[in-house]
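The values are calculated or read from the model by the stated rules, or taken from the named source; none is laboratory data. Predicted model, so just to flag it, every value in this text is computed and none were measured. Glycine also receives a Cβ, built like all others from the backbone with ideal geometry; neighbour counts cover every protein chain displayed.
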Amino acid sequence: MGEDLKKDLFKDYGQKLFFPLVALFISLFAGGLLIAWLGENPYIAFRHLFQGALGSATNFGETLVYTTPLLLTGLSIALSFRCGLFNIGAEGQYIMGMMGAAWVGSIFTGLPAWLHIPLTMGAGILSGCLWGVVPGVFKAKYGAHEVILTIMMNYIALHFTGYLVNYILLAPPGYLPATRVINASAKLTRLLPPSRANTGFFVAIICLVMVYIFLWKTKWGFEIRAVGLNQEAARYAGINVTKNIVLAMALSGGLAGLAGALQVQGIQYRFNDLFAFTGYGFDGIAVSLLGNNHPAGIILSAFLFGSLNCGALQMQSVAGIPKDLIGIMQAVIVFFISADYLLRKKLEQPLGEEINVRRGSAGQEVAK
Amino acid sequence: MTSEFLLEMQGISKSFPGVQANKDINFNLRRGEVHALLGENGAGKTTLMKILFGLYKPDGGEIRLKGEKVEINSPEEAIRQGIGMVHQHFMLIPPFTVLENIILGAEPRKSLGRLDQAKAVKKINSLSQQLGLKVELDTKIENVTVGMQQRVEILKALYREAEVLILDEPTSVLTPQEAEDLGEIIRELAAGGKGVVFITHKLKEVMKFADRITVIRGGRVVDSVNSSETDIQTLAEMMVGRKVFLEMKKGPCRPGKVILQTKNLKVVDNRRLPAVKRVNLQVRAGEILAVAGVDGNGQSELIEALTGLRPVAGGQILLEGQEINYANPRRILEKGVGHIPEDRQKRGLVLDFSIQENLLLELYRTPQFCRAGFLRKEQSLTYAENLIEEFDIRTPGPGIKASSLSGGNQQKVIIAREIRRDPQLLIVAQPTRGLDVGAIEFVHKQLISARDLGKAILLFSLELDEILSLADRIVVIYEGEIVGNLAREEATEEKLGLMMTGGLLAEREAVNDG
Ligand SMILES: Nc1ncnc2c1ncn2[C@@H]1O[C@H](COP(=O)(O)OP(=O)(O)O)[C@@H](O)[C@H]1O
Ligand SMILES: [Mg+2]
């Protein structure tokens, strides 16, 4: 019995890793073909991609810069998924987090860093939180669809911060559409100079561990997961579904908001008018899916996406291959992952009976 | 050479990784016969029929149709050979109409490949008339009842001119009345010269509908017998492989103080129409009060109100004299109310949670299993392991997902969880729906032993057998009202059946009027 169980577990892990790896491989291959089709040498392209991402300490540092926000937005999406919600609003929450941090980071002067840094992060978290709670309440109380709501919240965040930065918080003398630079006491320490890597990366990793513990080791996480998997059974067991939906959206928003705060405190030091979405929130969806909505998986997938994004810059500037290619490759990965999800949904049907029969009636050989 | 048999399967074997699903099975079918294939869940019934239908390739053995050896490699071939199968899970396309579903893939054509709908309609109508099947051809499948969907599946097979019709657990999705109707249809089919294979694990049905019965257990044939020459007890023992007690033995009932009382309870359904009207109930410690009734007469709403899942529209619910009208499942269950829900997969379990998590679904938050918000791993594991052993839940371990358990074992998880919480009142709904004989026996034993420990039990069941074998007292619910209140000794199946359909009520009114 024990042996069988072990075998099952390993099979499980194998299965979990198998599809993402295949997807990665196929997308690299497709990317290579595309590069060849563009008349460039795929080998050189990939070499620059790799070097750009990991070729030196500085490049590695820059990869971390791209990885950090994805870790948190990915985690944000995963947490909402675990509660059965699809928080498309991580983008807006991220933007709000940047704005909140830029404001608190710049208005307080003379604070010690040990106070100002967490205060600024807190402001980012709170702003993101607010942006998550609003759709959460509408979902939980009135059954409105969180996808629509959060998409709307994204636009509100984009244009609201645009208004703030251009009219209310515009840094004098006003040549640039940006807020004032935050005070040194709110800035995070840089690592691996001249790269912009900073201690924000460790903050993200700590969050990853905390979310893992929260979801799987505490009663609150137990409730969120129960609600996510079966609301009806959760209600039956005396779990407050409304409260948990709001809580999950609040935490999810807070994580995305923190991603924005770290971006301001570690990289940009101010809020620049965005004109368009940053994409970190949306990429978080792909990161979370690829990472199986699990913190351990998210580390791998965020790092993968971070490396690709960072390496793409060198690939573009040195080898002259447009970095949009990487966007295409990421899309291919996501495409295969979602195909895998659909497939697995079917395979997991109890008994696996239905699918066999369907295949059978399509006239294919079923039995070996 | 013509054969006495329409179908013969000889020495059929089939194994899956780790399981011998069929071993050397012999099975045959005559024209005009209903042949039941009886066995517990996992006995290998579906596998055998899927081999016949060309879905699995057997490891060994041969199949003869009308005396001739055939190889069936796909469902298409099976259909061409005159074999039709209605699967355990229906294979219909919900947004298509009944007609479209029936002819799908076998559409009659006019010139230029145009669909000859008139011809199809004519053929289907004549088929359904022969059988006395009523179907509305233009209704979409998503808008018809399960019973109707099944009739569509049967017509689909007949439309393709099946001579052998396989029905895989056709009654497990039906209400007792629908099952009754299906029995008629099956008899009609056999009378018309078809051969019907009827798969089931329900003993009563077999005796009622089948001419011959083949019992299989653990992938092997135990025996083939004529239904006129056997009885339910014998069949049950063949099926389970040991002595089973179909009628539970139970000691005398020693009712204690009143635990649950409802006073003029009113509850509304989702459309805000009254579903429960002025219901007065009393359940005492140490007794099983059964609520009999046809499905949809307010039972679900009543259960939900009692467990706090649905607000009360009027009247009172008292638990040991204290009002528990607040619609708050958590507070009610913490007051000592256990609930074995009617739909175990939708409400009773989080299927993607492990068995351990499901066993702790209501207790994870108590100090015993949770300190400062953190779940206590050791305690939870020990608790789960103990319950698995005590309630004989068949699983490789507590970490396995509940979805991978069989229905009977899933129900055991729920029962273990609710009984071990030590409630004073246990509300139990359809506790044996879809379970096989062995599991039913287990569930009934647990309920009786809970009663003997002094719990008050309120049992809702659509199965009269179950009510008669468990109840100490019986009330009948009809259109949201209690229309009868009987001691167990007064109750008979006929009397209950009459009351459940409002018969007694009509009688009483007639007396009052006159
Ligand atoms: N496709 C399959 N793959 C592996 N094992 C299977 C498959 N189908 C059935 N089995 C196993 O074969 C046995 C018989 O199953 P089945 O024929 O479905 O039983 P029944 O229909 O009598 O309930 C069970 O142990 C089941 O788990
Ligand atoms: Mg079966």
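Points to keep in mind about this one:
- Selection status of B:ILE259, away from ligand 1 (no atom under 16 Å from the Cβ), buried (at least 19 other Cβ atoms within 10 Å of the Cβ) and either outside any loop (DSSP other than H, G, I, E, B) or within 23 Å of the chain's Cα centre (by Cα) (or both): yes
- Positions within the range B:333-359 being outside any strand (DSSP E or B) and more than 8 Å from every other protein chain (Cβ to nearest Cβ), in sequence order: B:LYS335, B:GLY336, B:GLU342, B:ASP343, B:ARG344, B:GLN345, B:ILE355, B:GLN356, B:ASN358, B:LEU359
- Looking across A:LEU304, A:LEU290, A:LEU300, one residue alone is in contact with a Phe, Trp or Tyr (Cβ under 9 Å, 6 or more places away or on another chain) and not β-branched (Val, Ile, Thr). It is A:LEU290.
- Qualifying residue in the range B:289-303 (condition: surrounded by 23 or more Cβ atoms within 10 Å (Cβ to Cβ), touching a helix residue (DSSP H, G or I) at 6+ places or on another chain (Cβ under 7 Å) and not small (Gly, Ala, Ser)): yes
Condition check ((1) surrounded by 19 or more Cβ atoms within 10 Å (Cβ to Cβ); (2) within 16 Å of ligand 2 (Cβ to nearest atom); (3) within 14 Å of chain A (Cβ to nearest Cβ)) across all residues:
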position: B:GLN177; (1), (2), (3): no, no, no
position: B:ALA191; (1), (2), (3): no, no, no
position: B:VAL206; (1), (2), (3): yes, yes, no
position: B:PHE209; (1), (2), (3): yes, no, no
position: B:SER227; (1), (2), (3): no, no, no
position: B:THR234; (1), (2), (3): no, no, no
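- Only one entry of B:GLY54, B:GLY39, B:GLY84 meets the criterion of being under 28 Å from B:LEU174 (Cα atoms), within 16 Å of ligand 2 (Cβ to nearest atom) and of a type outside the set (Val, Ile, Thr), and that entry is B:GLY39.
- Tallying residues that are surrounded by fewer than 18 Cβ atoms within 10 Å (Cβ to Cβ), more than 11 Å from chain A (Cβ to nearest Cβ) and in a helix (DSSP H, G or I) within the range B:360-393 yields 8.
- Residue count for the range B:74-117 under the criterion of being polar (S, T, N, Q), within 14 Å of chain A (Cβ to nearest Cβ) and closer than 23 Å to B:VAL146 by Cβ: the result is 2.
- Residues that are crowded, with 21+ Cβ neighbours inside 10 Å and within 14 Å of another protein chain (Cβ to nearest Cβ) were ranked within the range B:155-168; the one that is nearest to ligand 2 (Cβ to nearest atom) is B:ASP168.
- One residue stands out in the range B:215-224 among those that are crowded, with 17+ Cβ neighbours inside 10 Å and away from ligand 1 (no atom under 12 Å from the Cβ): the one that is farthest from the other protein chains (Cβ to nearest Cβ), namely B:VAL222.
- Residue in the range A:161-179 that is surrounded by the most Cβ atoms within 10 Å (Cβ to Cβ), counting only those that are part of a helix (DSSP H, G or I), out of contact with any helix residue (DSSP H, G or I) (no Cβ under 6 Å at 6 or more places or on another chain) and touching a residue at least 24 places away in the same chain (Cβ under 8 Å): A:VAL165
- Filter result for B:GLN316 (in a helix (DSSP H, G or I) and either within 14 Å of chain A (Cβ to nearest Cβ) or out of contact with any helix residue (DSSP H, G or I) (no Cβ under 6 Å at 6 or more places or on another chain) (or both)): no
- Matching residues, the range A:189-220, being within 14 Å of chain B (Cβ to nearest Cβ) and either free of Cβ contacts under 8 Å to residues at least 40 places away in the same chain or polar (S, T, N, Q) (or both): A:MET210, A:ILE213, A:PHE214, A:TRP216, A:LYS217, A:THR218, A:LYS219, A:TRP220
- All conditions in (1) farther than 22 Å from B:ILE440 by Cβ; (2) free of Cβ contacts under 8 Å to residues at least 40 places away in the same chain; (3) within 16 Å of ligand 2 (Cβ to nearest atom) hold for B:VAL197, with the sole exception of (2).
- Condition check for B:PHE16: modelled with pLDDT under 90 and within 16 Å of ligand 1 (Cβ to nearest atom): yes
- Residue selection: B:ARG284 fails the criterion of being surrounded by fewer than 16 Cβ atoms within 10 Å (Cβ to Cβ) and charged (D, E, K, R).
A quick yes/no check of all residues on (1) without any contact (Cβ under 8 Å) to a residue 60 or more places away in the chain; (2) part of a helix (DSSP H, G or I); (3) not aliphatic (A, V, I, L, M):
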| residue | (1), (2), (3) |
| --- | --- |
| A:GLU40 | no, no, yes |
| A:TYR43 | yes, yes, yes |
| A:HIS48 | no, yes, yes |
| A:LEU71 | no, yes, no |
| A:PHE81 | no, yes, yes |
| A:ILE95 | no, yes, no |
| A:GLY100 | no, yes, yes |
| A:GLY124 | no, yes, yes |
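- Scanning the range B:58-81 for residues that are surrounded by 15 or more Cβ atoms within 10 Å (Cβ to Cβ), charged (D, E, K, R) and assigned to a loop (DSSP other than H, G, I, E, B) yields B:ASP59, B:LYS66.
- Scan the range B:19-34 for residues that are away from ligand 1 (no atom under 12 Å from the Cβ) and either in a strand (DSSP E or B) or within 13 Å of chain A (Cβ to nearest Cβ) (or both) and the total you get is 6.
- Scope the range B:164-196; condition within 16 Å of ligand 1 (Cβ to nearest atom) and part of a helix (DSSP H, G or I); matching residues: B:PRO170, B:THR171, B:SER172, B:VAL173
- Residue check for A:GLY228: more than 14 Å from the chain's Cα centre (by Cα), part of a helix (DSSP H, G or I), within 12 Å of another protein chain (Cβ to nearest Cβ) and touching a residue at least 60 places away in the same chain (Cβ under 8 Å): yes
- In the range B:39-50, the residues that are within 12 Å of chain A (Cβ to nearest Cβ) reach residues that are more than 6 Å from ligand 1 (Cβ to nearest atom) and part of a loop (DSSP other than H, G, I, E, B) with C-beta atoms within less than 7 angstrom, at least six apart or across chains, in these pairs: B:ASN41/B:HIS201; B:ASN41/B:SER406; B:ASN41/B:ASP436; B:GLY42/B:SER406; B:THR46/B:GLN88; B:THR47/B:TYR56; B:LYS50/B:TYR56.
- Selection from the range A:309-333 of residues that are among the hydrophobic types (A, V, I, L, M, F, W, C) and in contact with a Ser or Thr (Cβ under 9 Å, 6 or more places away or on another chain): A:CYS310, A:ILE328, A:MET329, A:ALA331, A:VAL332, A:ILE333
- Of the set (1) in a helix (DSSP H, G or I); (2) surrounded by 22 or more Cβ atoms within 10 Å (Cβ to Cβ), all apply to A:ASN59 but (2).
- Residue check, B:GLN411 buried (at least 17 other Cβ atoms within 10 Å of the Cβ) and out of contact with any Lys or Arg (no Cβ under 7 Å at 6 or more places or on another chain): no
- Flag for A:ILE239 being surrounded by fewer than 18 Cβ atoms within 10 Å (Cβ to Cβ) and either within 14 Å of chain B (Cβ to nearest Cβ) or farther than 30 Å from B:LEU306 by Cβ (or both): no
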